[in-house]
Amino acid sequence: MLSFTDARRKVVEIVTATRPQPAAEVVDLMRAAGRVLAFAISADRDYPPFNRSTRDGFALRSSDAGSPGAVLRRVGEVKAGSSYDRAVAAGECVQIMTGAPVPSGADAVIMVEFSKLDAAGDRVTFDRAASPGQNIVTRASEARAGEELLPAGTRLGYAEMALAAQVGAAQVRLTVPPRVAILSTGDEVVDVSATPGPFQVRNGNSTALGTLVARAGATPVQLGNAIDESGALRRAMERGLQADALILSGGVSMGKYDLVEKVLADLGAEFFFDGVAIRPGRPAVFGRCQGKPVFGLPGNPVSTMVTFELFVVPALDLLSGTAARPLQVLGARLSHALREKGGLTHFLPARIDWLQGEPVVAAISWQGSGDTVTLARANALMVVPAERPDWEAGEWVGVIPR
Ligand code: AMP
Ligand code: MG
């Protein structure tokens, strides 16, 4: 059985080797958040476009204020959006605001907090020395005109959106997100709006998967639920294979009615793994069927959600035309001892908090992989590696915020 890192690597390898080039479309920047650039965005001019003051204060020649106590003549002012058109001469200073261009001649800005203006407003005493370049960001020090800032394949988070806006990319060329079919399976599964019989369950997985697919930047295509019968499964899977990827939940364990792999095989699927050394989620399946990546995720809701995060997210990144994001595992101090079963990497519902200057995490006791109630109370999954099942309170452990 593969470790989860090897299984994830396998997904990245196969999808990278077989993915089609995504289609592209032009979209208004305001509607582009979370999407992936199909075309690079470059600097339209130097950044900053002028030597910019980072403080409110006085622009001067640093050689005029090499030690505290210098007194200089205030000869004018410059605010953000305008300029001071004469050069600053020896013995002079110009009052300057944050974001304004530093006048020629000046090579430093002393903050207003360290300056005293006389009553007439034309002599300034400085109680700090200046050093060359102080409080100035020089022209083009962030980027040169024409420099590529956001390469094709960049996903637009808030900082990337801010940068695209700054360089005037009012419209952007984006990849079309992959359409991802979601198919739940199980005789016992009924629709969310239905009243379940005493031994039936409502379809939480399709809702969870729709949420996760959208959060990963792809477009969910909901196919509802198929019963555990070969013909019904086959018809629903054939519909799902019209999309760019197919995600199934349920029907991949060892039960007599777990038919998903068999029906996929009948449709020509090739499998790369059908078990991973993790809990929850051990029976997870990854294959390719009729040219499309297919995931058979275990039906227990927590297993479905955990295996999506581990294995499906990188595939959807790649299908979206961007690099597979690394798994975001952070460190936190364990608040209690842990004794888990070795040989499987465990992902335990946990709560992480910032306490006394460091992140502290505690597992939440739960009823196993069907326990959505506990997962909804958790804000992270604690990672207990297969090769290291025993942990003491106070050790640093890996956590995946959810
Ligand atoms: P399976 O993987 O098909 O053996 O299902 C494992 C468990 O997950 C069973 O208790 C199922 O009732 C439950 N389950 C399967 N599919 C869903 C679903 N779509 N929503 C909620 N629970 C489900
Ligand atoms: Mg089932």
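Throughout, read-outs are computed from the coordinates displayed, never taken from laboratory work. Keep in mind the model is a prediction, meaning the values are calculated, not measured. For neighbour counting, all protein chains shown are included, and Cβ atoms are generated from backbone atoms with ideal geometry for every residue, glycine included.
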When averaged across all projection directions, what area in nm² does the alpha-carbon convex hull of region 284-336 cover? 5.3
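May I ask for the equivalent-ellipsoid semi-axes of region 12-62, computed as the square root of five times each C-alpha gyration tensor eigenvalue and listed largest first in whole Å?
Equivalent-ellipsoid dimensions as semi-axes: 43, 15, 11 Å.
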Could you work out the per residue convex hull volume over the alpha carbons of the chain, in cubic angstrom? 199
Over all distinct Cα pairs, what is the inverse of the mean 1/r for region 177-298, reported as the Kirkwood hydrodynamic radius in Å? 14.4
Most to least packed among 47-56, 238-247 [average Cβ atoms within 10 Å]: 238-247, 47-56
Calculate, axis by axis, the spread of Cα positions in region 250-329 along the three principal axes, and write the results as whole Å, longest axis first. 38, 29, 18
Provide the net charge surrounding V397, with neighbours chosen by a C-beta distance below 15 Å and charges set as Lys +1, Arg +1, Asp -1, Glu -1. -3
Would you mind checking the tilt of helix 204-215 against the longest principal axis of the Cα atoms of the chain, expressed as 0 to 90 degrees and rounded to 10? 30
Please report the net charge: other residues with Cβ closer than 9 Å to the Cβ of P293, K and R +1, D and E -1. +2
Folded to 0 to 90 degrees: helix 4-18 orientation relative to the chain principal axis, Cα: 80
Rounding to the nearest 20 debye, state how big the charge dipole of region 5-99 is about its Cα centre with +1 on each Lys and Arg Cβ and -1 on each Asp and Glu Cβ. 240
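So if I take the alpha carbon set of region 133-186, get Rg, then get Rh from the Kirkwood formula, what is the Rg over Rh ratio?
Answer for region 133-186: 1.24.
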What is the extension gain from V137 to V26, computed as 0.36 nm multiplied by their sequence separation minus the C-alpha to C-alpha distance, in nm to one decimal? 36.6 nm
Based on the alpha-carbon gyration tensor of region 246-402, what equivalent-ellipsoid semi-axes (square roots of 5 times the eigenvalues) come out, in whole Å, largest first? 31, 17, 13
Calculated from DSSP H runs of 4 or more alone, at -39500 (n - 2.57) each and per residue, what is the 222 nm mean residue ellipticity of the chain, nearest 500? -5500 deg cm²/dmol
Dipole moment magnitude, nearest 20 debye, the chain about Cα centre, only Lys, Arg, Asp, Glu C-beta charged: 220
Which lysines, if any, have their Cα less than 23 Å from the Cα of K79, not counting same-chain residues under 8 positions apart? K116
Taking the Cα-to-Cβ direction at A159 and at R339 and moving 7 Å from each Cα, how far apart do the two end points lie in nm? 4.4
In the chain, what percentage of the DSSP-assigned beta bridges are antiparallel, given to the nearest 5? 65
Dimensionless Rg ratio for region 61-217, taking C-alpha atoms and the 2.2 N^0.38 Å reference: 1.99
